1. Going by the conditions given, is residue 106 free of Cβ contacts under 8 Å to residues at least 24 places away in the same chain, open to solvent by 40 Å² or more (accessible area, probe 1.4 Å) and not in a helix (DSSP H, G or I)?
2. Can we say residue 44 is modelled with pLDDT of 80 or more, hydroxyl-bearing (Ser, Thr, Tyr), on the phi < 0 side of the Ramachandran plot and open to solvent by 30 Å² or more (accessible area, probe 1.4 Å)?
3. Name the single residue, out of those in the range 378-406 being among the basic types (Lys, Arg) and more than 15 Å from residue 57 (Cβ to Cβ), that is modelled with the lowest pLDDT.
4. Quick one: is residue 69 open to solvent by less than 10 Å² (accessible area, probe 1.4 Å), part of a helix (DSSP H, G or I) and at pLDDT below 90?
5. With 403, 389 as the choices, which residue is closer than 30 Å to residue 230 by Cα, touching a residue at least 40 places away in the same chain (Cβ under 8 Å) and open to solvent by 10 Å² or more (accessible area, probe 1.4 Å)?
6. Residue pairs, Cβ under 9 Å, 6 or more apart or interchain, first in the range 458-475 and on the phi < 0 side of the Ramachandran plot, second among the polar types (S, T, N, Q). List them.
7. Give the range 186-207 a look and list any residue that's open to solvent by less than 20 Å² (accessible area, probe 1.4 Å) and part of a strand (DSSP E or B), or say none.
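The values are calculated or read from the model by the stated rules, or taken from the named source; none is laboratory data. Quick caveat, the model's predicted, so the values are computed rather than measured. Methodologically, a virtual Cβ is constructed for each residue, glycine included, from the backbone with ideal geometry; neighbour enumeration extends over all protein chains shown. Accessible surface is based on the protein model in full, side chains and every heavy atom, while ligands, DNA and RNA are left aside. Shrake-Rupley method; radii C 1.70, N 1.55, O 1.52, S 1.80 Å.
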Amino acid sequence: FPPSIRRGPPLSYRLPSHKKIPRFVARLHFGKPSGFLKMPGDGYRRREPEKTVLYRALHRHLPLFLYRAETSGRELPGFVRNELKAFLKCGILTHGFARFECKSCRHNHVVALSCKARGFCPSCGGRRMTERAAHLVDEVFPNVPVRQWVLSLPIEVRYLMAFNAGLCSEILNAFNREVFRWYRHRGKEYANLKSMAEARCGSVTFIQRAGSALNLNVHFHMLAIDGIYIHKDWKTPLRFLTLPAPSDADVEDVLRRVRKRVMKILTTHSHDDTFDEFRDQEPLLAACVAGALTGPARKLGTSEPMHQEVVSKSARCASVDYYSLHANTRIRAGERKRLEKLCRYVARPPISNELLVELVGGSIGYKLKRSWQDGTTAVVFSPQEFIQRLASMVPPPRCHQVRYHGVLASASSLREFVVPASPPKNSKRPAKNYCWAELMKRAFEIDVLECPHCAGPMRFIACIMERDVIKAILGSMGMPADSPAPLSSLPIPQLDFQFEENPDWEAA
């Protein structure tokens, strides 16, 4: 085709996504001068949460759960109820959306608003995961090695930390001090320093609340700078020193010291009258937490356990009295892509929509990423158990789930000499804020602001919140103007059940 035809205006129709477009047809219809074009539908697609198992389970069974809780006199806290209800509006167009339009062909599409929750929402958790990973790689971590330290604690300690923000912070600080102590002690010997005060460390810690089987498992993922910064005085420039990797004995020694500190903290708090007031103030949430700590009652998988000839212990991994510490993951300097991938892993949301399945009879199954040694490949919950586990995953308010320590802390006097170059304090340019389109392009390599018809740029028009306007716009675009029924209008099924509690936990 001549250039005048190949670069002509785009056509107004879209080919079905299941049909292949030849190279020359793609050039003609979509104005691409060379190369293959992504098929329509391969780019941005609006997510449809109402079709997911997670949304359907909450939409069907949450009204009954809240009704029974209210009639029994044991309600969930307000922040948990609000998050459960807000999820049912996340991604639903009839509750508000943003509208974008192409400057060239006037094609437009809509993007639903999110709930911005901190608990279990996969969409909001995924956005927060991508944004935090981008922020850490671009503006926090310097170009030095980074090591991951993962601390897991016994079930009893997890229960106490679940909604006690003060206790969780104290245990995290104890863990952070012991890891920093090991780095400083090793740096003093390795660099022949006069004092351990000359060695400075830095870390970013994520507080994860869920395990692989949707069980409540409060544990810490610490991304520590794998070395020390030597700071003798303000006249000497800051110098970084990479340290040798810790041995298995070093990891075990750190774990034993952490365990000793945690036991001391628990002993100190046990004499406080308000230490165990959580069960008295929030009995329903305490029952949900106790039920979510243990494993599921029903499992799916093979009847025979998996046979493993050799069970080898992982390197740099220690376990003492149900305390475990893993420190074998390390990112070398310059591997920024791997570092961003690791940051996404430690900041991931607790639930994946792809792993949820709806079983016959209304039960909900969750597939495991890795099969257990007994052959279990999935765990099964009743709708009540599932909602209880979702409630336990919501973090308490005013409790940060990401903590900065050492030279990476905001109050550190050495932070500006360690983090990547940033604009001066007196600069008029604001701090870096990642918009929705930038995060989508960074995570999925999709330009959501590119028109699927003519590949031209799309611009933001308005944010629509009025009900009448929403119905009119959705009707003109051929989209359903009615969302799933709100909670207030759903009928309450007349079922008889009691909130399940764990008798073994009560006895313990």
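1. Taking the combined requirement at face value, the residue satisfies it.
2. The answer is no for residue 44.
3. 398
4. On the way: open to solvent by less than 10 Å² (accessible area, probe 1.4 Å): yes; part of a helix (DSSP H, G or I): yes; at pLDDT below 90: yes.
Against the criterion (open to solvent by less than 10 Å² (accessible area, probe 1.4 Å), part of a helix (DSSP H, G or I) and at pLDDT below 90), residue 69 qualifies.
5. 403
6. Qualifying pairs under 9 Å: 458/108; 461/108; 467/94; 470/94; 471/94; 474/94.
7. Listed by number, the residues that qualify are 199, 202, 203, 204, 205, 206, 207.
Here is a yes/no grid of residues against (1) at pLDDT below 95; (2) open to solvent by less than 20 Å² (accessible area, probe 1.4 Å):
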residue: 114; (1), (2): yes, no
residue: 125; (1), (2): yes, yes
residue: 131; (1), (2): yes, no
residue: 145; (1), (2): no, yes
residue: 154; (1), (2): yes, yes
residue: 160; (1), (2): yes, no
residue: 164; (1), (2): yes, no
residue: 167; (1), (2): yes, yes
